[in-house]
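The values are calculated or read from the model by the stated rules, or taken from the named source; none is laboratory data. Please read all numbers here as calculations on a predicted model, not as lab measurements. We place every Cβ from the backbone using ideal geometry, glycine too, and count neighbours over all the protein chains shown.
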Amino acid sequence: MRIGVLGSGVVGQTLGTGLAALGHEVMMGTREPTGEKVRAWVAKAGGKASAGTFSEAASFAELECARYLEPLAMLWVVYGFRSGGWNHAFKLLRK
C-alpha cells in the first residue's frame, strides 16, 4: 500500500519507519523534503521510503497518516506526569 505520512518529526519518522519495515511504500510530507533530517530518514528507512511536499505525499498516498496521533500522545504524557506512571501507554500500544 502507498501511505503518506504528513509530518517529519519524531512521530512521523516513527510511523514511516514502521510502515516501510512492513513493506509499504511510504512518502513523508514535509516543508523541507530535501532537508538533512529528512534525507537521513529516507536513507535509514530503506528503499520503500521517500519524501516530498505535503501535497506530493497526499497525492502519492492510498492512505494518509497525519498528526492524529500527536494529541493522543500528549494525553498519555499528561496522564503519566499526573499519575507518576507510564505503563498505561505501553499497555494500549500492545493491544
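Things to note:
- For segment 20-42, a residue qualifies if it is surrounded by fewer than 16 Cβ atoms within 10 Å (Cβ to Cβ), without any contact (Cβ under 8 Å) to a residue 24 or more places away in the chain and assigned to a helix (DSSP H, G or I), and the qualifying residues are Glu36, Arg39, Ala40.
- Condition met for Ala43 (modelled with pLDDT of 90 or more and small (Gly, Ala, Ser)): yes
- Residue in segment 65-87 that is at pLDDT 90 or above, surrounded by 10 or more Cβ atoms within 10 Å (Cβ to Cβ) and farther than 11 Å from Gly4 by Cβ present: no
- Cβ-Cβ contacts under 9 Å between residues 6 or more apart (or on different chains), taken from a first residue in segment 1-19 that is without any contact (Cβ under 8 Å) to a residue 12 or more places away in the chain to a second residue that is surrounded by fewer than 20 Cβ atoms within 10 Å (Cβ to Cβ) and among the acidic types (Asp, Glu), are listed as Gly9/Glu70.
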